[in-house]
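Since the structure comes first, as structure tokens, the remarks are kept for the end.
The values are calculated or read from the model by the stated rules, or taken from the named source; none is laboratory data. On a predicted model such as this, the values are computed, not experimentally measured, just so you know. Heads up, the Cβs are rebuilt from the backbone with ideal geometry, glycines too, and the neighbour counts pull from every protein chain shown.
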């Protein structure tokens, strides 16, 4: 198999090249026909760092940083250890508006409306999603309300779970340090589901919630003041993303995440306001094939299948070049 090409630049160069970055999480959208933002960078660990500390400082979650650094100790990287930051992203498929939650990569994308005289941007943040027995559903909905300092009304199922563990919950958890919703919540049209902060930030980027979407406190604080009620939210599960960067096809692969099929009862509850999306591919090769076909539907390209298969095995979320544009589309059939 051919080696996977990864572009890595220093953190100083990245920050100089992206003056609009806030916590390295706001990127100018690429020109039309391009789908890649950000850049791979490396930083040096300090003596008292954990990988989670480094991840949070650079807009990454647990799975992001651990998968990109499989040979580095999560809790004690060691002073002077070089840590790879996977801060290069293939934008998720579909419309570039509103909020997109890609469960497979534990990541949120927000496309605010472009301001007059300013370039269009995308904001991206790590998230936690529902654990295996409390899955976050796929779908298309909207933000129906915004709440500062929310109270938490734990459902009976969660109260029963805590009671069985000897940790009974009250019917109402008031705002404060014991409230798992943190200081801000965005209520979705999917009944019972929120995008919210957390009082346990170490879990961001993991499979830990009861179905809601958790964000770092500073990230939901930043997003809360910029996203509006009625903003469209798409919840997708795309373990493989393929997009264009100039004449290069770039693939980004994450482990396949098992999620439930769309629930007709949830769809009915939306009362025609939105509709659920189809379930994502259940295996990585199918996902890769579907994304390659979609990326080359209007722009012919070839895929290096050896490189692509290597990425499927790694599934570390690091984008790499996997193909190129066919310069003479008339010869595409022969080249395939």
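When you look at residue 47, is it assigned to a loop (DSSP other than H, G, I, E, B), more than 18 Å from the chain's Cα centre (by Cα), loosely packed, with under 14 Cβ neighbours inside 10 Å and modelled with pLDDT of 90 or more, yes or no?
So residue 47 passes the test.
Can you give me the number of residues within the range 50-73 that are free of Cβ contacts under 8 Å to residues at least 24 places away in the same chain, over 17 Å from the mean Cα position of the chain (by Cα) and not in a loop (DSSP other than H, G, I, E, B)?
Here the count works out to 1.
Among the residues of the range 121-136, which ones are at pLDDT below 85 and surrounded by fewer than 23 Cβ atoms within 10 Å (Cβ to Cβ)?
If the condition is that a residue be at pLDDT below 85 and surrounded by fewer than 23 Cβ atoms within 10 Å (Cβ to Cβ), then 130, 131, 132, 133, 134, 135 are the ones that fit.
Conditions (1) assigned to a loop (DSSP other than H, G, I, E, B); (2) without any contact (Cβ under 8 Å) to a residue 40 or more places away in the chain, marked per residue:
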| site | (1), (2) |
| --- | --- |
| 75 | yes, yes |
| 80 | yes, yes |
| 94 | yes, no |
| 99 | no, no |
| 104 | no, no |
| 109 | no, yes |
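Hey, among 90, 83, which residue is over 19 Å from residue 226 (Cβ atoms), buried (at least 19 other Cβ atoms within 10 Å of the Cβ), modelled with pLDDT of 95 or more and in contact with a helix residue (DSSP H, G or I) (Cβ under 7 Å, 6 or more places away or on another chain)?
83
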